[in-house]
Every structure is written in structure tokens, then in C-alpha cells.
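The values are calculated or read from the model by the stated rules, or taken from the named source; none is laboratory data. Here the structure is a predicted model, which is why all the values come from computation and not from measurement. These accessible areas exclude ligands, DNA and RNA; they are computed on the full protein's heavy atoms, side chains included. Shrake-Rupley method; radii C 1.70, N 1.55, O 1.52, S 1.80 Å.
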Amino acid sequence: MSTVTQLGPGLWQISLPFLGEHEIVGSYLLAGADDLAIIDPGPGSMREPLLASITEAGFDPEDVTHIVATHVHLDHAGAAGSLVSRMPGARVFVHSKGAPHLLDPSKVVASATRIYGDRMKLLWGDIEPVPEDRIQIIEGGDILKIAGRRLEVHYTPGHAVHHVVFFDAHSGELFAGDVAGVRLPGIDYVRPPTPPPDLDLEAWSSSIKLVKSLRPDVLYIGHFGALRNIPQHFGRLEEKLYSWGDFVLKAMREEKSEEEIIAMLIEHTKPDLLRAANDPHALERYEIATNYPMTVQGYMRYWRKKHPERL
Ligand SMILES: [Zn+2]
């Protein structure tokens, strides 16, 4: 399968072979007359496939000028630090609340290590800091003139407190990161990616409202590809965000352990996915994009931190 798909003039989708699976983790490549941008460069472990894909699209990776992050989670921007040395003219564009984690990835690494343990290196490869002079801070309301486009930056917390999306009002295309959840190609099923440490359901709802109000024609999501049934999709995502959250809350009130809650949530939600996918491998694929331990840890932390009165 080709790793590079042209989506339109000056726009490519790159599928990175994360854990050997295509169309789960990827990047978007935008080319203008004098500039070349990568939105969400992906994990450090996928640096070489990313560079090869840029070449396959017909460009020299050394010519990349913008590395743009929707958020700094390792599957989206883990490679940023190790890429800047290979892309001498590139600057990394990141929200002010995400920038500290690129300058010093130690907190992100510590929090990921609690989830992934000794699989860190295999999953995420090298996680290097981005030098301060290579970082460009962005905020909601900014306009990025990139690749002949005018990209509006919108602040969309919920999945992460530093999450932003990029909207091209002229073309109707919106680069959505994880604000629209996980929906893998060919499977009519959305799963809420709810990692610690800053999951915030109320903020996520506001972000969904904001994205819908922009009336985009297409969302290019992190996991994975183009999404066009936008209002219906967000309706399903929000329903799951809250119903899974309520499920975890109820189990916490029954004083179940984290391990028990993970097992219960899998039991409770698996049949739905298997019905939608009609393929047992789909469960593994969704688990690569977002996983149950992370999902439960995110909700548990959310309830303890934001709503201790409900416990
Ligand atoms: Zn992600």
C-alpha cells in the first residue's frame, strides 16, 4: 500500500507504518511555492518512514519550513525534536501551553512511561527536545500563512489542554488532530481518545461546538484520514465521551480497581465495535490508535480532579 495519498492541490496524506499497521497514525503534507509544511509529524519511531514519504511525494525533507502540531502527544509530535536537526529551515509551531513539553519532553515521557512501560522505545523512538530558537508559539485566533493557504488557528482543549485545530476557510478543510476522536477508515465507529493528564469533557464539548460552528466541509483527523459526515460524527463522539465517562464514574463509586474498570469497559464496549467492523482485527487497530488503559486512566483522573463531589 502506498504511504502517500494526494488529497488535493498541494496537499498529501501520509500514512506511517506504526507498529506495522497502516492508516492509523499519519501526517499531512502541505506544499506551497516557497514553503513545505508537515501537520503532526508523528512519533519519533516513524521519523525515517516520514522522511521517505516526503521524498515519495516529490519533495526534499530538508526543504520543510513548518512543522505544525495540533498537540504534543507522542503519536502527533514526538518526532518534532529529532526532525529539526534534519530540517535546517524548519520551525515548530505549537500552542503556548504545549511548547514547554517540546522544550523539555520529560513530563510527557514520564506520563507515557506510566502507561507504556518498557514499550516506550519501540512505540515512540527517540524523543528529543526542540531547541527554543526553533519553536514558534501559536494561540487561538492566530492566522498562519502556509503553503499558499490562510490557516486559522482555533484553540480546542478537551483531549489535551494545548490542543488546536487549523481551518482553511477558503477550501473548507479543517486539520482536526484528535478533537474528533478516532475513526479508522472503512469502519463506521468512533472511539473517544481520553488520555490523562488533562482530559476535560466540558472543554471538549465547547471545542466540538466551536468546530461545528466553523461549518467545515471536511475534517482531516489524526486517526485517520478524511471525515465528511461531520455533525453526525460529532453527535456520536459526544454521546460516547459522556456514556463511557459515566460508566467509569459508576465503577469508581463501586470502588472497583483501575484494572477491574479497564476489563469492565472492554467487556461493555467491545461488542459495539465488533458489530460495526465485522472484523476482529479492528479491535487491535483501534487499540493502537487509543487504548483502554489510557482511556480509563484519563477518565479516572478527570473525575478525581474536576468532579470529586460526584465520587
Ligand atoms: Zn492521537
Antiparallel DSSP beta bridges within the chain, as percent of all bridges there, nearest 5: 70 percent
Rounded to the nearest 10, the angle in degrees between the Cα long axis of helix 47-56 and the longest principal axis of the Cα atoms of the chain comes to 50 degrees
Dividing the alpha-carbon radius of gyration of the chain by 2.2 N^0.38 Å (N being the number of residues), what value is obtained? 0.95
Longest to shortest principal axis, alpha-carbon extents of region 168-244, angstrom: 34, 27, 21
For region 181-311, Kirkwood radius (reciprocal of mean inverse C-alpha pair distance, Å): 15.4 Å
Angle in degrees between helix 258-277 and the longest Cα principal axis of the chain, rounded to the nearest 10: 70 degrees
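I'd like the antiparallel share, as a percent to the nearest 5, of DSSP beta bridges with both residues in region 79-228. Write down the numbers at each step before the final one.
Values: 16 of 24 bridges.
Antiparallel bridges: around 65 percent, rounded to the nearest 5.
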Residues with amide H under 5 Å from that of GLY158, placed H, sequence gap 5 or more: HIS163, ASP200
Among the DSSP beta bridges whose two residues both lie in region 150-276, what percent are antiparallel, rounded to the nearest 5? 75 percent
Roughly speaking, to the nearest percent, how much of the chain's 1.4 Å accessible area is carbon and sulfur? 51 percent
Rounded to the nearest Å, what's the spacing between the alpha carbon centres of region 292-306 and region 22-42? Just the number, please. 31 Å
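Equivalent-ellipsoid semi-axes (√(5λ), Cα gyration tensor) for region 2-81, whole Å, largest first?
Square roots of five times the eigenvalues give 18, 14, 11 Å.
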